[in-house]
Amino acid sequence: MISLHSLINQSKQEYSAAKLWMVSGSVWLAVGTVFGLLGAIHLAAPDYFANVPWLQFGRVRPLHVNTVFFGFVIAMLIGVCLYILPRVLNTRLYSESMGVIAGVIFNAAVLIGDIALLAGQTQAREYAEYIFPVDVLVVITFALLTYNIVMTVLRRQEKILYVSAWYIVGAMLWTCVVYVVGNVMWHPRTGAETGIGDAINAWYYGHDVLGLLMTPLAVAIAYYMVPRITRAPLYSQLLGIIGFWSLLAFYAHIGGHHLLQAPIPTWLKSVSVIDSFAMMIPVATVLINQWYTSRGRFDVFMANPAAKLMFVGTIWYAIVCIQGPLQSLASVQRVTHFNNWVIGHAHIAVLGFTGFIALGGMYYVLPYVTRRKIYREEYVNLQYWLLLLGLLGFFVELTIAGLIQGQGWLEGETVYQILPSLKPYMVLRVMSGLMIVTGSFIGLYNIIMTLLKGEPTTT
Ligand code: HEM
Ligand code: HEM
């Protein structure tokens with residue numbers, strides 16, 4: 001039996017926090033995608049789980065979304081960043097134990113939140129469904145992480161703050177505010193205000209948890225990995241800082257583009273659409289920086305599965321952020337809003353961009369953190385292909401399904417009449433989803449085997 005004493009000692013070892021966050025992220029990836037698959041089966045065959053209350057779509061959907069959001073993407077991004085930050089600051093993490101405790105609390109939060117959702121306990125606002133006690137645990141987690149990260153920055157040996165450090169610190173500070181305000185934590189019972197004001201707040205939160213937490217952490221990882229893998233200096237540190245400040249300037253208030261059909265003030269709609277296009281600036285700074293740093297060396301990405309995952313993540317980022325501004329136009333939303341088109345965008349964004357970068361970062365960092373080689377590199381490659389092909393399938397199927405819905409509604413068809421024409425796409429989505437689920441379990445197996453049987457590294 002492992003004693004408490006040895007657990008405490010292990011939690012003080014260098015990179016133990018990064019390891020905990022990354023490994024737990026891969027467990028939640030497997031769990032979360034299974035629930036995604038159950039939701040997809042429901043949409044293809046609605047009567048399949050008809051008599052099982054805890055498998056109803058209304059419970060399975062938020063469980064899938066929150067598990068992949070918080071349990072997988074956010075946890076894995078944080079894990080990789082807990083390795084990167086000390087490296088770019090040339091300093092040890094201020095407190096490994098604090099990072100481990102934060103990780104344990106966060107995992108408990110996801111577990112309790114998921115069980116509550118299965119039992120039908122929800123606050124029913126998108127990405128904020130977890131009940132109040134879970135919100136408290138999440139806030140404690142981010143308070144601990146922020147303190148730990150800020151203290152590490154203050155005690156750094158390297159005086160120049162590299163771009164990755166800017167993005168990591170920014171993500172932590174912003175999230176402490178965004179999470180509390182977005183979850184309306186001063187109303188513990190409902191987690192909501194009332195009326196249109198609450199809708200505006202809900203989308204301020206919904207988009208900022210994507211744009212001010214996941215995006216900057218993913219960008220921080222790309223900024224660290226690309227120069228290291230290509231062995232080339234970063235193309236421009238200045239561009240990186242411009243990208244950081246313009247992300248904050250343009251992203252924080254574009255949530256209104258989710259509410260173009262709702263009676264929110266017209267000026268707020270205009271601001272959100274204009275700034276959706278202005279988002280091209282921070283996005284371009286990231287992509288120009290990564291791709292110019294890599295120019296002439298693209299072959300190195302294809303030779304290393306971790307690097308490949310990360311690099312393809314930047315390509316998905318470009319696609320997401322070309323699609324994003326276009327679909328924030330009211331004229332485009334007449335066809336794309338409230339249908340599967342948006343679900344397609346959501347998957348290429350959260351899995352393709354942030355998820356791929358999280359996975360690439362994790363596989364790149366894991367050997368340094370565990371001092372063991374990845375158990376089977378070919379399994380990483382297999383996971384990459386399963387995820388990529390599954391996701392491409394999702395993108396095509398859901399985009400076509402969305403266009404069928406949107407065009408049909410414009411022509412006056414009812415929601416009900418269009419459902420039969422969606423069936424083939426829903427069945428295909430189950431098949432693409434199966435590929436992603438399989439890839440997630442292969443990844444989990446590979447990671448567990450790396451921890452147990454990975455060959456020791458010499459560095
Ligand atoms: C230039 C940047 C982006 C713009 C302008 C943009 C725009 C939009 C718009 C207008 C919608 C709502 C569409 C509708 O309801 O009709 C949307 C939805 C969404 N976006 Fe983006 N997007 C951008 C980047 C991203 C990124 C980087 C992520 C993830 C990291 C992301 C994740 C999502 C998700 C998950 C949804 C679905 C929200 C829901 O549940 O309705 N987007 N985006
Ligand atoms: C790690 C991988 C995944 C991530 C990050 C992810 C993320 C998301 C997100 C952000 C949403 C909310 C979309 C929105 O409201 O606009 C969503 C919904 C959904 N996802 Fe996933 N997902 C993943 C994998 C899967 C898999 C493998 C399946 C299985 C087929 C799946 C099936 C679904 C379904 C059925 C919905 C609800 C769609 C609806 O309401 O019409 N997802 N997912």
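The values are calculated or read from the model by the stated rules, or taken from the named source; none is laboratory data. Just so it is clear, the structure is predicted and the values come from calculations on it, not from any experiment. Cβ placement follows ideal geometry from the backbone for every residue including glycine, while neighbour counts extend to all protein chains displayed. Protein only, heavy atoms only, side chains kept; ligands, DNA and RNA dropped before computing areas. Shrake-Rupley method; radii C 1.70, N 1.55, O 1.52, S 1.80 Å.
See the values below:
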read-out: Residues located in segment 313-335, provided they are more than 16 Å from residue 216 (Cβ to Cβ) and surrounded by 22 or more Cβ atoms within 10 Å (Cβ to Cβ); value: 316, 328
read-out: Some residue of segment 101-115 being outside any loop (DSSP other than H, G, I, E, B) and within 24 Å of residue 224 (Cα to Cα); value: yes
read-out: Residues being closer than 20 Å to residue 390 by Cβ and either touching a residue at least 40 places away in the same chain (Cβ under 8 Å) or within 16 Å of ligand 2 (Cβ to nearest atom) (or both) - total across segment 289-344; value: 19
read-out: Subset of segment 4-59 that is part of a helix (DSSP H, G or I) and among the polar types (S, T, N, Q) - its residue that is most open to solvent (accessible area, probe 1.4 Å); value: 10
read-out: Residue check, residue 366 more than 16 Å from ligand 1 (Cβ to nearest atom) and either over 30 Å from residue 413 (Cα atoms) or open to solvent by 10 Å² or more (accessible area, probe 1.4 Å) (or both); value: yes
read-out: Any chance residue 373 is charged (D, E, K, R) and within 20 Å of the chain's Cα centre (by Cα); value: no
read-out: The one condition in (1) farther than 24 Å from residue 104 by Cβ; (2) away from ligand 1 (no atom under 15 Å from the Cβ) that residue 30 fails to fulfil; value: (1)
read-out: Residue list for segment 159-186, restricted to those being among the β-branched types (Val, Ile, Thr) and outside any loop (DSSP other than H, G, I, E, B); value: 163, 168, 169, 175, 177, 178, 180, 181
read-out: Residue within segment 341-356 that is over 30 Å from residue 274 (Cβ atoms), modelled with pLDDT of 95 or more, in a helix (DSSP H, G or I) and open to solvent by less than 30 Å² (accessible area, probe 1.4 Å) present; value: no
read-out: Pairs with Cβ under 6 Å, 6+ apart, first in segment 422-440 and among the basic types (Lys, Arg), second assigned to a helix (DSSP H, G or I); value: 429/40; 429/397
read-out: Of all residues making up segment 182-211, the number that are without any contact (Cβ under 8 Å) to a residue 60 or more places away in the chain, open to solvent by less than 10 Å² (accessible area, probe 1.4 Å) and more than 12 Å from ligand 1 (Cβ to nearest atom); value: 2
read-out: Complete set of residues in segment 204-256 that are at pLDDT below 95, of a type in the set (A, V, I, L, M) and not in a helix (DSSP H, G or I); value: 252
